[in-house]
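The values are calculated or read from the model by the stated rules, or taken from the named source; none is laboratory data. Predicted model only: the values in this text are computed from it and were never measured. Every residue, glycine as well, gets a Cβ built from its backbone with ideal geometry; the counts of neighbours run over all protein chains shown. With ligands, DNA and RNA removed, areas are computed over all heavy atoms of the protein, side chains included. Shrake-Rupley method; radii C 1.70, N 1.55, O 1.52, S 1.80 Å.
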Amino acid sequence: MAGNTSVAAQQQPRRKFSLVRCVATCLLALIVLVGLAVLIAWLVISPKKLVYTLENGSVQNFNLTNNHLNATFDFVLRAFNRNRRISVYYDYIESTVTYEDQTLAFNTVDPFFQPHRNVSRIKPKLVALNLAMSPSTSKDLMIEKTSKEIQVDVHFKARIRLKVGTWKSNHRTLRIVCYSVTVHLSWYKHFDRVPCEAEL
């Protein structure tokens, strides 16, 4: 009787160990399968970076008096979605033009949907209305004005969602910066396109 009890006591830890090993094996197999599924989906979708270029820029009604600025900035941002299967919802877009880290003007753009393999153009109009500037920044801007052109940075911040088939992602923040954009105070001057940096 004592011998049978001893054998049963030895078999119980073995069964427990086998159950743990089975659960661990199943979890490992599940992780591998999920990883393979993600990898295959990634390869099939082949996501590519969204490409942004500032195609045009101009400034009108420029007036800088007593360190206060009035001006209207117009820009055309070319958004190129190179993806074959990914579309983009731009649910919220704000645009800002800055000079020496000081914001000159700010505005929002209407939301829109961009299909895959598509080129869309975003056309913000930003107005500086009696904007107070620091004396040093105002002085630098006045000096640039004498050359009939000024150099600014143009920023875009957007909340976007990606769409693949019927699946839609959660909101992501997209930041676009177009550095060293030269806008001419004379309308007949040619605008040089500026490639922009995008971070998602």
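Yes or no, residue by residue, for (1) surrounded by 15 or more Cβ atoms within 10 Å (Cβ to Cβ); (2) out of contact with any Cys (no Cβ under 8 Å at 6 or more places or on another chain); (3) modelled with pLDDT under 95; (4) closer than 30 Å to residue 48 by Cα:
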{"residue": "98", "(1), (2), (3), (4)": "yes, yes, no, yes"}
{"residue": "110", "(1), (2), (3), (4)": "no, yes, no, yes"}
{"residue": "181", "(1), (2), (3), (4)": "yes, yes, no, yes"}
{"residue": "188", "(1), (2), (3), (4)": "no, yes, yes, no"}
{"residue": "198", "(1), (2), (3), (4)": "yes, yes, no, yes"}
key: In the stretch 169-179, the residues that are hydrophobic (A, V, I, L, M, F, W, C) and open to solvent by 10 Å² or more (accessible area, probe 1.4 Å)   = 177
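Might you let me know whether the stretch 72-84 holds any residue that is touching a helix residue (DSSP H, G or I) at 6+ places or on another chain (Cβ under 7 Å) and open to solvent by 40 Å² or more (accessible area, probe 1.4 Å)? Spell out how you get there, then give the answer.
Taking the stretch 72-84 as the starting set, the residues that turn out to be touching a helix residue (DSSP H, G or I) at 6+ places or on another chain (Cβ under 7 Å) are none.
Looking for residues that are touching a helix residue (DSSP H, G or I) at 6+ places or on another chain (Cβ under 7 Å) and open to solvent by 40 Å² or more (accessible area, probe 1.4 Å), one finds none in the stretch 72-84, hence no.
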inquiry  = Looking at the stretch 126-162 only, could you name the residues that are under 20 Å from residue 57 (Cα atoms), exposed (fewer than 13 other Cβ atoms within 10 Å of the Cβ) and either in contact with a Cys (Cβ under 6 Å, 6 or more places away or on another chain) or touching a residue at least 12 places away in the same chain (Cβ under 8 Å) (or both)?
reply    = 129, 148
inquiry  = Testing residue 108 on (1) under 25 Å from residue 86 (Cα atoms); (2) touching a Lys or Arg at 6+ places or on another chain (Cβ under 9 Å); (3) among the polar types (S, T, N, Q), one condition comes back false. Which one is that?
reply    = (2)
